[in-house]
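The values are calculated or read from the model by the stated rules, or taken from the named source; none is laboratory data. Given the structure is predicted, the values throughout are model-derived calculations rather than measurements. Every residue, glycine among them, receives a Cβ derived from its backbone with ideal geometry; neighbour counts consider all protein chains shown. Surface accessibility is based on the protein's heavy atoms, side chains included, excluding ligands, DNA and RNA. Shrake-Rupley method; radii C 1.70, N 1.55, O 1.52, S 1.80 Å.
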6 protein chains.
Amino acid sequence: MFELGVVKRNIVRADRVAVDQLAKFGASTVHEAMGRVGLMKTYMRPIYAGARVSGTAVTVLLQPGDNWMLHVAAEQIQPGDIVVAACTTDNTDGFFGDLLATSFRARGAVGLVIDGGCRDIKDLTEMGFPVWSRAISSKGTVKATLGSVNIPVVCAGMAVQPGDAIVADDDGIVVVPAAMAQKVADAAAAREANESDKRARLAAGVLGLDMYKMREPLEKLGLRYVD
Amino acid sequence: MFELGVVKRNIVRADRVAVDQLAKFGASTVHEAMGRVGLMKTYMRPIYAGARVSGTAVTVLLQPGDNWMLHVAAEQIQPGDIVVAACTTDNTDGFFGDLLATSFRARGAVGLVIDGGCRDIKDLTEMGFPVWSRAISSKGTVKATLGSVNIPVVCAGMAVQPGDAIVADDDGIVVVPAAMAQKVADAAAAREANESDKRARLAAGVLGLDMYKMREPLEKLGLRYVD
Amino acid sequence: MFELGVVKRNIVRADRVAVDQLAKFGASTVHEAMGRVGLMKTYMRPIYAGARVSGTAVTVLLQPGDNWMLHVAAEQIQPGDIVVAACTTDNTDGFFGDLLATSFRARGAVGLVIDGGCRDIKDLTEMGFPVWSRAISSKGTVKATLGSVNIPVVCAGMAVQPGDAIVADDDGIVVVPAAMAQKVADAAAAREANESDKRARLAAGVLGLDMYKMREPLEKLGLRYVD
Amino acid sequence: MFELGVVKRNIVRADRVAVDQLAKFGASTVHEAMGRVGLMKTYMRPIYAGARVSGTAVTVLLQPGDNWMLHVAAEQIQPGDIVVAACTTDNTDGFFGDLLATSFRARGAVGLVIDGGCRDIKDLTEMGFPVWSRAISSKGTVKATLGSVNIPVVCAGMAVQPGDAIVADDDGIVVVPAAMAQKVADAAAAREANESDKRARLAAGVLGLDMYKMREPLEKLGLRYVD
Amino acid sequence: MFELGVVKRNIVRADRVAVDQLAKFGASTVHEAMGRVGLMKTYMRPIYAGARVSGTAVTVLLQPGDNWMLHVAAEQIQPGDIVVAACTTDNTDGFFGDLLATSFRARGAVGLVIDGGCRDIKDLTEMGFPVWSRAISSKGTVKATLGSVNIPVVCAGMAVQPGDAIVADDDGIVVVPAAMAQKVADAAAAREANESDKRARLAAGVLGLDMYKMREPLEKLGLRYVD
Amino acid sequence: MFELGVVKRNIVRADRVAVDQLAKFGASTVHEAMGRVGLMKTYMRPIYAGARVSGTAVTVLLQPGDNWMLHVAAEQIQPGDIVVAACTTDNTDGFFGDLLATSFRARGAVGLVIDGGCRDIKDLTEMGFPVWSRAISSKGTVKATLGSVNIPVVCAGMAVQPGDAIVADDDGIVVVPAAMAQKVADAAAAREANESDKRARLAAGVLGLDMYKMREPLEKLGLRYVD
């Protein structure tokens, strides 16, 4: 675990059908459907607004200021993958730009989640290649030290196994363990079905206090109304 | 003060006519008109660009990871209110999303200022329901612990009384004590009237050094020009 | 050096032709062409997306909460300049807004880089006057204490001499010493010429591993492939 | 409120006897006795370990980089006061050092709480004059712009009225509204009396699960034990 | 994985003999012996200087502002354990103080690592119960929401399995997978044996450049000496 | 400037006699004597309290996660030097520990200022080798990429030329340009001579308001006293 200098070639990816379903629900609904776990830290932000993707994780462990392993990872990408890049230490350098995005897309990647910096924002936006990163930075990187590909990593505070399902949008990034993808997709669907009715009632002026029957438990805890 | 478990129902709101005037001046002009006070911390950012609102504060004191009091607050909202939510500790969880926004809007709220996280960014943007928050986060919250509604709070570094006037736009969020709303609106109007002439002169190439008669005081303080 | 209360009038600006060339390459390419140096800290962000400018630095050293020296600097601006404002301490106040932008533009400035706060975001966006800042803030400033203009400064972690070439876009801000502007522009051009071929090959599915001949050095360092 | 350029001379201080009792309980116990409110942000740290004081607040509103109002405040200090200094914006400059400490002590102050920087750490430590600050900084300040003394302020996220009781130690800083000082001191005493018995039982190996009768509510919420 | 509401009773702890050896090497040497992995984020700091411990991890997943699971965890502690507490979101509240420390010590715990806040610093220092935390805070917590005990967690950026070996001192906190404890202890011993000779040579004035034979590789990469 | 891969051997060091005088005044007094400039960012902290040193700068530009250049720098150290290490990007890795400290001390260095991480805190404290750093971290570094030695750098926000005088203590770190060392030492001496009289008067209860004749300028600016 966390070994440096290793590339794992055969990984078990989450079921494609299940993974594809996750994107339509988005990060917040999937996070709730998971039982409110799986969310990366909120410092991760999309480089442009409006993208929403799901895919299977090809994981990368980078060294600070060194993007060599992203090139190694490119070879391991299969269509529908999202590359998830962690770093052995906090680092905001510009590990990724339009050339690597061109390569990743040619391999079938649908996005990148990187606990580091990204550059060529304008080009990536025009390409429509979505990236979630902790920083935007022109800082160039070297190719000198080994990291790893497709080992378990911690990216932005969340443990990610290669092959896990990833859902990312404007709200954030959620990691769904591969074996749970379909179950979570089903739970998300159930949750969403449930929400449209709630939305209509709230829009009509019904209070959550009444719809969720909160008045009694609030009173029990001692909530007092004063004038 | 700062009591937990209390909801105050009858609050004195700033004068509606005065409050409505504030939005057109925006946060920066109102802040100056107040004598350069009243501004919340700059980590508070709008979830989408371009919104500018003013309203009267319904205040909420949240517990970390718990959005129960936002449901309690919904009932206290009157048309033209802005909900101002503080938290008993620093917390970025996603206390607020599209369902609560639907409810708040149905009650007449024109926006939310929350010293915490917000989610469903895409939906809120499409709804045009403006939120200023310290973070964007999918992190779900529970409904387990009492906070308060309509007590004095400190939100993003600024003291807010229920009923105070709030002005928020891309520049930030300013709190105007309810009793000062009209006076501040008048001062903002005077300030803005004054600015168009200045703008024209500066555009014509007149220097601020001359227009504001700064050369003499600068010289007195010892400013030296060298070649 | 770092003397307070001094305005230098005659500075040697980087060659205009060279400086004008830099904008088209952008910050990331220029940074690489410099040998991966010259980049300001990544907390500096454009107030709106999509701007890309290059210009010659008029430097300003501000005092916290005091924008007086920006007015002093306005007089020193020549067409094609970018004002680069540092502060004697970390400060996010709103030193700059639409009135100063009107004045700066009238003098020929093409942008502002400020290690402090900026306000009137909506107006500046409509004017198309690009600003890179560490914060957005309505906080007003005073005019009470002397700083300096056109002395060497450190802005967002990078040393800037008056007259240096500045390149700024969505990726960040790069400082090119005045004497190196043409050499860097040439190196950037060579770099970019080289990139279009690489991009085509990567788009066709060629791996960076092969294109950059990385397999042998990776193997030498001990990279292991496992199944 | 928040008016600049005002010094209030006559303030109502919390009862001296009550205030003196608070120090022996410390910040954490007093915070609990208040109902878990009143705590300043955790970025405030003592400049040396081991100090524990309580006193009545003389409040100061500073401008960034300007310590003039601390001199104005010195005149308002009475024996047993703690000076509580806020700033109109985030600023870490060294507003306070050994000369001001000498003056404050001569007036009877027992400590300083400052949402800004402090310097002369070695001297202050030797003097035994305790300071809680957000930073340590040599950065000198000017005397150029008016703030206020003894107006309500927000210091490190907490609202403070002049005359409020302040308790500060290694755990943090708690603000007790003046009118509540005795009531809080009594609650703290009751709380502490209660703790020694608990401590003995826990030391003897009794579990909090049993002592606080937590097993049943945990089970009701669904806590599952697995092997 | 990451399931809420679960307590695992039987965990496989790293070998006691191996774990006990780790403390004498300290975090930095163990981290190097691991191959430069396993280190928690540097924002984790000891509440007092000079402690150095190793132990086996009892893991806890807390909810923000809620320390209930620390009481649940107490029952799972065995002599030689270190409690490792993560939180579902960033939170600095004072989850832990002298009462829980008394209970943990009675159960045999040798320390606490918590990605949250700690209080009662003075008491804990006097007790000699070492804590590494992200903050010091008086902020009280509630007992209202379920987390988990002895599930895999991510604490301060590092994945921890229950039973893993933990080494903590003034330099930081390193996580050693349970199965690797003896191997890492051996590697650390070898490393340290190697260091005393190096230290003596460096103290005698031998340069690392010569001792590590760096001159040739530096020259190959093009390092230039100028006068 | 900022060239990578260069070691400058012959640098002009500030006058030894002047540099030695600076330590006794400390960072805050020297900073004031410089005219309130020259201070590094306040995130730089000593690894142990109480050290106060002055020396001449041997500068280093590090790459993130790579401490090779510290070994290269060791050879350039002369007795009385302080090594000042900057990094091409923000990085907190543990670049420096007891082995390098042993080597630096053997060469005559009196301290290290590093805009990065430091480890072996316990050993360095016992050795009495003072380090000012931005972080404490066990994180190991590699030796793979060239930086430079004795080029101008920006360290913690301040420009440093090789040979500049450095003064560091608990209050912070000040950079004195080599050519100004004696002049600054004289100004610091004058300032300190002046302070003992002020201190005595303040201790006797004289107010700064009177001693510095502040009442009149405060009144002119409009300061109002209310009851």
Inter-copy separations for F:Ser196, label at 7 Å along Cα-Cβ, nm, ascending: 5.0, 5.0, 6.6, 7.5, 8.5
Per-copy distances of the C:Lys24 label point, shortest first, in nm (7 angstrom along Cα→Cβ): 4.7, 4.7, 6.3, 6.9, 8.1
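Sum up the charges of everything whose Cβ sits under 10 Å from the Cβ of C:Arg52, counting Lys and Arg as +1 and Asp and Glu as -1, but leave C:Arg52 out.
Here the charged neighbours net out to -1.
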Cβ-defined net charge surrounding C:Trp132, 13 Å radius [Lys, Arg +1; Asp, Glu -1]: 0
Gaussian network model of chain D, springs between alpha carbon atoms under 10 Å - residue of D:Val60, D:Val153, D:Val72 with greatest fluctuation: D:Val72
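Counting only trypsin sites (Lys or Arg not before Pro) that are in a DSSP loop and have at most 12 other C-beta atoms within 10 Å, tell me the longest site-free stretch of chain E.
Between the exposed loop sites, the longest stretch runs E:10-212.
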Choice from A:Met127, A:Met40, A:Met211 with maximal GNM fluctuation in chain A (Cα, 10 Å cutoff): A:Met211
Nearest-20 debye value, chain B charge dipole, Cβ charges on Lys, Arg, Asp, Glu: 180 debye
Chain E, rotation onto F, residue closest to that axis via Cβ, with its distance in Å: E:Ala49, 6
Gain in span if fully extended, A:Ala179 to A:Lys198, counting 0.36 nm per residue against the direct Cα distance: 3.8 nm
Neighbouring partner chain Cβ atoms per residue of B:203-210, average, 10 Å criterion: 5
Exercise: per-residue mean of other protein chain Cβ atoms within 10 Å, C:60-70: 5
Leading residue at positive end of dipole, the range C:157-204 (Cβ point charges), from C:Val174, C:Gln161, C:Ala188: C:Ala188
Of the DSSP H helices in chain B, those whose Cα atoms cover at least 20 Å axially and whose Kyte score averages -0.5 or more: B:16-33
Relative contact order (%) - chain E, alpha-carbon pairs under 8 angstrom, separation at least six: 30 percent
DSSP bridge orientation in the protein assembly as shown - percent antiparallel, rounded to nearest 5: 45 percent
Total charge dipole magnitude, the protein assembly as shown, about the Cα centre, Cβ charges on Lys, Arg, Asp, Glu only, Debye to nearest 20: 0 debye
The range A:10-58 versus the range B:79-133: alpha-carbon centroid distance in Å: 23 Å
Cross-link partners of B:Lys143 among lysines (Cα-Cα below 24 Å; sequence separation of 8 or more within a chain): A:Lys41, A:Lys198, A:Lys213, A:Lys220, B:Lys8, D:Lys213, D:Lys220, E:Lys139, E:Lys143
Per residue, in Å², the accessible surface of chain D once ligands and nucleic acids are set aside, probe 1.4 Å: 33 Å²
Pair-distance profile P(r), taking every C-alpha pair of chain C, with 10 angstrom steps and integer %: 8, 32, 31, 14, 9, 5, 1
Calculated FRET efficiency for the pair D:Glu3/B:Val12, C-beta based, R₀ 30 Å, to 0.05: 0.90
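Average the reciprocal distances over every distinct pair of alpha-carbons in the range F:104-143, invert the result, and give the Kirkwood radius in Å.
10.9 Å
Stick to Cα atoms and the Kirkwood definition of Rh, then tell me Rg/Rh for the protein assembly as shown.
On the way: Rg = 30.1 Å, Rh = 32.2 Å.
Ratio of gyration radius to Kirkwood radius for the protein assembly as shown: 0.94.
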Listed residue (C:Ala33, C:Leu62, C:Gln78) projecting farthest to the positive dipole end of the range C:1-89, Cβ model: C:Ala33
Inter-centroid distance (Cα atoms) of the range A:145-205 relative to the range D:150-210, Å: 41 Å
Shortest-first distances to equivalent copies, position F:Lys213, nm, label 7 Å out along Cβ: 2.6, 7.4, 7.4, 7.8, 7.9
Computed over the range D:6-78: relative contact order in percent, which uses C-alpha pairs under 8 Å that are six or more apart: 32 percent
Residue-count net charge about E:Val176 - beta-carbon cut-off 10 Å; Lys, Arg +1, Asp, Glu -1: 0
Sulfur and carbon atoms: percent of accessible area, the range E:17-59 [1.4 Å]: 52 percent
Net charge dipole size for the range A:21-155 [Lys, Arg +1 and Asp, Glu -1 on Cβ; Debye, nearest 20]: 260 debye
Accessible surface buried upon D-F contact (total; probe 1.4 Å; Å², nearest 100): 3100 Å²
The range B:1-128 - share of DSSP beta bridges that are antiparallel (%, nearest 5): 5 percent
Inter-chain shielding of E:3-16 (mean C-beta neighbours from other protein chains, 10 Å cut-off): 3
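Calculate how many DSSP beta bridges within the range D:101-204 are antiparallel, expressed in % of all such bridges and rounded to the nearest 5.
60 percent
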The range D:142-227: relative contact order as a whole-number percent, Cα under 8 Å and 6+ apart: 12 percent
